[in-house]
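No value in this document is a laboratory result; all are computed from the given coordinates. Keep in mind it's a predicted model, so treat the numbers as computed, not measured. FYI the Cβ positions are ideal-geometry reconstructions off the backbone, even for glycines, and counts take in every protein chain you see.
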Amino acid sequence: MGVILKAENISKQYRLGLVGTGTISHDLNRWWAGIRGKDDPYLKVGSVNDRSTKSDSDYVWALQDINFEVQQGEVLGIIGKNGAGKSTLLKILSRVTIPTTGDIKTKGRIASLLEVGTGFHPELTGRENIYLNGAILGMRKAEIKAKEQEIIEFSGCERYVDTPVKRYSSGMRVRLAFAVAAFLEPDILVIDEVLAVGDAEFQKKAIGKMQDISKGDGRTVLFVSHNMAAVKSLCTRAIVLEHGTSVFEGGTEEAVNYYLNNKTSKPLVFEDFDKNFGICKIEFLNSKNERIENALVGQEVRLKVSYRNPDLRNLSLSIAFYNEYDEFLFACRSDVIDKTYADKEGVAILSVEKWPVSKGVYSYNTSVHEANMVLENMKEIGQIVIEQGDFYGFGKLPASGKKGFYTNYQWL
C-alpha cells in the first residue's frame, strides 16, 4: 500500500526554567539556517530526558533522533514509561509542535486525539464542535452532515449534544472527541491514551472502531497506551521509547515483552548465599523459564526458589503476595498441595498458571515451615510489576481503574 508517514531524525529540545521569548533576529537567523539546510545556530547541547538523574544543563532532549516509517493501513503502537517522549512525538506528528531537528513526511489528512477535549471550543456545543473539527480537516459541510448522526450515536452523548462542551464530564468529552476523530475519515488517526478515561463499554467500542478503521477502511492509526492488552489486541507493530530515544521497533508481541522486561523496578532476584538454612535465592520467570521483572494479568508467572536444608528436615515453602497498601492478597504454600522438600539443598518452582490480580505493584514475603512450625519468615524482599493483560483470552478489556481478582468461570 505504500508509506503514508515517515519520520526522519526527529529530535525535540526544551529549555528548563524561566524561558524568554527570544528576539525576531534569532527567529530570522533560525529560518535562514533552515532554508540553507544548516543546523539551528542557537541549538544548545542538552541532557538526555531521564527524570531519575540530575544534570546541570538548562536544556533537555525530549526526543532524540527518532526514525520510522508507517505503511498505509498499519496500526503502530508507541509504548514507554511516563516521560519517555510518547506524547511529544505524537504532538510533532500531529503538527501541534515542530521538531527541533528532523522532518516529518505524511500523505493525507491527520486527525488527533491527544488529550481530553483537545481541539474542542469549550463555549461551543458538541454539535458545533463536530462541524468545527470537520472544517479544520478540510471537509465540506455536506460531508460532515453525512457523518453527524453516526458520531453522535457512537459517542452516547445524544442528550447533551446541544449543550456547551465546557459542561461535559471528562468521559463525555473523550467519547465525543474520539467519535469525531474516528468518523470524519482522516487518512491518519493519532490517539494518545484515549482508553485511560472511558469505561469498559467505551474501551471495547473504541478498539473495535480502530480495528475497523485500519482493516476495513485501510486507514492508518498511531496509538499510544500504557494498556498492554489493548496494544497487543490492536497494533500490528510497535515502537518502544525510553528517555526520548527509540530502543526497540518490531512486532507487537516482541515490543511488549521488551517493554515489560526492561522496565526498572525494585530487583526481583533475592540472593543470600551466605545462609546455611532456608531460602537463599528467588527469581521471577516466565513460562519459558526466562527471568522477568514484569508480567501481564493472565500470564504464567514462575518463582524459582533455591533453598538449603542441612538437617534434611521435611520443609514446606510459602510465598505470600501483598498490594501497595501492604494488604494481604493470596499465598501459595507447598504443603497445602502435598508438596514438601527434604533435600540438603535444591530448587523449588512455584507456578502461578495465570496471574489473577489486576494491574499494580505487588510485594512478596517468604516463609519456611516444618509441620505447623515457622522456621524462617522474610518480609518485603521484592516486588513484581503487573501490567493489564487479557486474562480470559477473548480480547475483552476490564473496566478502567478497577482493582480485584480474576478467576476462571463458565456460564452454563
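Here the gap between E300 and K204, fully extended at 0.36 nm per residue and compared with their Cα-Cα distance, gives a gain of 32.1 nm. Taking amide H atoms as placed 1.01 Å from N in the peptide plane, the amide H of L375 lies under 5 Å from those of V368, H369, E370, each 5 or more residues away in sequence or on another chain. Computed on region 141-262, with alpha-carbon pairs under 8 angstrom and 6+ residues apart, the relative contact order is 17 percent.
Taking amide H positions as placed 1.01 Å from N in the peptide plane, with prolines and chain starts having none, which residues 5 or more places from L113, or on another chain, fall under 5 Å of its amide H? HN-HN under 5 Å from L113: V190, I191, D192.
Its relative contact order, with pairs defined as Cα atoms under 8 Å and 6+ residues apart, puts region 270-387 at 29 percent. Projecting the Cα atoms of A342, I282, N294 onto the charge dipole of region 270-387 (Cβ charges, centred on the Cα centre) puts A342 farthest toward the positive pole.
Between amide H atoms placed 1.01 Å from N, distances below 5 Å from G346 occur with Y307, all of them 5 or more places distant or on a separate chain. The residues F277, F202, when put in order of fewest to most other Cβ atoms within 10 Å, stand as F277, F202. Rounded to a whole number, what is D in µm²/s for region 54-162 from Stokes-Einstein with the Kirkwood radius over alpha-carbon pairs (4 °C, 1.567 mPa s)? Estimated diffusion coefficient is 76 µm²/s. The residue among N365, C332, M378 whose Cα reaches farthest toward the positive pole of the charge dipole of region 270-387, with charges on the beta-carbon of Lys, Arg, Asp and Glu, is C332.
For region 270-387, the equivalent ellipsoid derived from the alpha-carbon gyration tensor has semi-axes of 24, 15, 13 Å in decreasing order.
The GluC sites (Glu not before Pro) of region 300-355 that DSSP puts in a loop, and whose beta carbon has at most 14 other beta carbons within 10 Å, are E324, E327, E353. Full extension of the chain between C332 and V347 yields a length gain of 3.8 nm, computed as 0.36 nm times the residue separation minus the alpha carbon distance. 3J(HN,Hα) along region 279-295, derived from phi through the Karplus expression 6.51 cos²θ - 1.76 cosθ + 1.60 where θ = phi - 60°, amounts to 7, 10, 7, 9, 10, 8, 10, 8, 5, 9, 6, 9, 5, 10, 10, 9, 8 Hz, with x in place of Gly and Pro.
Annotation: the antiparallel percentage among DSSP beta bridges lying fully within region 270-387 is about 95. Between R291 and W32, full extension at 0.36 nm per residue minus the direct alpha carbon distance yields a gain of 87.9 nm. Percent of Cα-Cα pairs per 10 Å bin, from 0 to the last occupied bin, for region 157-234, please list those. Over region 157-234, the share of Cα pairs per 10 Å bin runs 17, 51, 27, 5 percent.
The trypsin sites (Lys or Arg not before Pro) of region 125-213 that meet both conditions, a loop assignment by DSSP and at most 11 other Cβ atoms within 10 Å of the site Cβ, are R140.
Within region 302-351, the ratio Rg/Rh, alpha carbon atoms throughout and Rh by Kirkwood, equals 1.05.
Residue by residue, region 383-391 carries 3J(HN,Hα) couplings of 9, 10, 9, 10, 9, 5, x, 8, 4 Hz when phi is fed to the Karplus relation 6.51 cos²θ - 1.76 cosθ + 1.60 (θ = phi - 60°); x denotes Gly or Pro.
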